[in-house]
Amino acid sequence: MLTFIVGESELARRIRAYPWDDTELGALETWPESLKTLVSVMLAANQPMYTVWGPRQLLLYNDQYVSVLQGHHPSALGRPFLEVWSEIADDLEPLVKNAYAGIPSYTDDILLVLERSGHTEETHFAYSYTPVFNATGVVDGFFCPCIETTEQVKAAHLIRESEERQAFLLGLGDALRPLVDPAQIKSVATRLLGEQLAVNRAFYADAEAGHWLVSRGYEHGVAALPDQPFDMPEYGDWIIDGFLAGQRLVVNDMAADLRFDTSERDAHFALQIGAEVALPLVKNDQLVSMLVVHSASARNWSEKDLALLEEVAERTWAAVERARAESAVREGDRRKDEFLAVLSHELRNGLAPLVYDARIGTRSANLQEMAAVFARMDVQLGHVVRLVDDLLDVARITAGKIELVSELLRPREVVTLAIEACRAEIEACGHVLTVIDQTDTELLVYGDRVRLTQVVTNLLSNATKYTAEGGNITVRLARDEEDAVIEVADDGIGIPEAALPRVFDLFSQVRTQQSNAAGGLGIGLALVRDLVGMHGGTAAAFSAGPGQGSTFSVRLPVATHLSTSAAETTPADVNVPKNRLHILVVDDLRDAADSLSELLRLDGDEVSVAYSGEEALREVRRRPPDLVLLDLGLPGIDGFEVSRGLQRIFADGRRPQIIALTGWGQAQDRQRSQEAGFDGHLTKPPRQEDLRSVVASARSRKALRDGATS
Ligand code: ADP
């Protein structure tokens, strides 16, 4: 009776048909009850099971075990167990021996690489070997049910991996947090990454001036890369284009990667690169840097490897940017402190002689001595006023509160006004000033005369300060395509290359022994850059190095859209034949009004004074002026009211130019004066060049008017 062979499964049929007579197990009917029972249990079960029986350890199994046996089936049936599994016999033999010695065993995870539905797969099984004793207490064989645990093992593996990854990233964060130096951040990050991925190199390469500047990171078991900037000729256009599009480069096996030609592959082999990954960092469409890992031999980079790389790259850049921002703040603080120190020094130095001179003035009765005292006071006051003005301008620009009063100008006019303002300074230093004008008369820009004059004045004043006595300063005016170019060159102390990119920064000063003595506040060039920028232009600095002189150039867009007739009606050059102006100064502070009129009269103009709004309107009706310098805070009718009165009186359009001259310089004050019809707004005391510019502009208007009516 073969009733123990249940069912019609494949193994039921095979066991039934097998020539057992030829084996030590003998005919099926003669099998011991224990074996028969095991066979019937196996065939009825729905999990892989097998039985190993007899001194020769012959194998019997069920259908479910076929997938484990793979190619060994069907020949495995009835064959010695360790022969069937010859490839892992060394591992299995001790277990089999134990089972035959009556010792059961349990293995919770055996890795088997199985061929399943066409591809190889790592599978995991748990087994138990249970010895089967006969009546005499001898082991006849053992029984083994198997449970596949692949899914559980994979899940546990994933959890472990994700925990490891989290731990690694946390460790990376902890390691990077205290670092303040971007280079050190990159170096620590690449070392940790290199160890984690078990690669041979991990490093950052920054794109600088067409080269890759490698920051040495992690190197293990390979030669060090050069730490000088070096070209990477093996990176062809396709890689760079990919980088620019934000794509990473992944090479699993350099030897077999046909995207590279032979020479490119050789260049990689020379650096022991068998496989690599490079992640680009693109900022503002520029390839800034890349994170690179090398493996000396081929390596199939897994998705996990690549994901970790991306994560590390991201975190490292965040840390680098954080460090840069912090260092910029520290640098800003440092410069501000230095600035305050220099500012107080400059103010004290400017005020001291004023105090002395004022004291002399109160005690001296000698007129000649008084004139000398006042001349000195004027120079020193000019210096202090200019410091305060520069400071206020910076504050206004920073707050976005400077408004340009633009008109069509010849750059030449601006240069002439600036030279005027600096002439005394230049002469005092014995410099030779040369002006080369390569522009034609039609070259016009649209800009604020006062502000552009301030720009050129700052450049000229720097050239004067930073050039040893008896130097040469050259101002060149030219047109370059759609730009008007104003260039101020000197043969002075020059600027070191490293300092050039920062000279236009606020409070930036190049510290050299020579420049220390002359240095100002580090505001002038920041104003130049900002004011030129507000005009849609650019400012640049060039120097071949210390002792080689410097050249500063300002480019302003040419006003091309304006017709020639507009050009003709622009104010002419400052050298226009002099037209005597009638100027009205209005101020309730009599001293201020009187001294300003005296100053204006020095240029040969006719100046009247009014000490109140009512008086001003009366005076204007009596004799219309060309220019009114009008204080705002007047008792009775205030300056705004006077301005509106002037608009009414001169409703025919031939009204004088009205300029507010006031201690109030806030944006809202300027806004109010503009609304009340003022043509300009000067703060007290006005700069020499601003006052000149206002007068020059009124003079040009008068010249044009007189020309038009004659
Ligand atoms: P400062 O008030 O210090 O002159 P600026 O902003 O005008 O400030 O200039 C910034 C720095 O640039 C100066 O301190 C000086 O070191 C450098 N510099 C400016 N102009 C020149 C020049 N013509 N030659 C050499 N160095 C210059």
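The values are calculated or read from the model by the stated rules, or taken from the named source; none is laboratory data. None of these values were measured; they are calculated from a predicted model. Cβ sites come from the backbone with ideal geometry, for glycine too, and all protein chains shown count toward neighbours.
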(message) Against the conditions (1) not in a loop (DSSP other than H, G, I, E, B); (2) not assigned by TED's automatic domain parsing to the domain that holds V139, where does L2 fall short? Just the number, please.
(response) (1)
(message) Considering only residues that are at pLDDT below 95 and outside any strand (DSSP E or B), which ones fall in the range 199-220?
(response) A209, G210, H220
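Give the residue that is farthest from the chain's Cα centre (by Cα), with candidates limited to residues of the range 492-515 that are more than 9 Å from the ligand (Cβ to nearest atom) and either modelled with pLDDT under 70 or buried (at least 16 other Cβ atoms within 10 Å of the Cβ) (or both).
Across the range 492-515, the extreme among qualifying residues is Q513.
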(message) Against the definition (of a type outside the set (D, E) and over 48 Å from the mean Cα position of the chain (by Cα)), how does R692 come out, yes or no?
(response) no
(request) Run down A296, A365 and say which single residue is modelled with pLDDT of 90 or more, farther than 22 Å from L381 by Cβ and either in the same structural domain as N200 (by TED's automatic domain parsing) or exposed (fewer than 14 other Cβ atoms within 10 Å of the Cβ) (or both). (result) A296
(request) Of all residues in the range 457-491, count the ones that are of a type in the set (S, T, Y), at pLDDT below 95 and within 24 Å of T441 (Cβ to Cβ). (result) 1
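Tell me, please, whether a residue that is modelled with pLDDT of 75 or more, not aromatic (F, W, Y) and not in a strand (DSSP E or B) can be found in the range 560-573.
First, the residues of the range 560-573 that are modelled with pLDDT of 75 or more: none.
No: the range 560-573 contains no residue that is modelled with pLDDT of 75 or more, not aromatic (F, W, Y) and not in a strand (DSSP E or B).
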(message) Please go through the range 333-358 and give me each residue that is of a type outside the set (S, T, N, Q) and surrounded by fewer than 14 Cβ atoms within 10 Å (Cβ to Cβ), ordered by number.
(response) D333, R334, K336, D337, L340, A341, H345, R348, A352, V355, A358
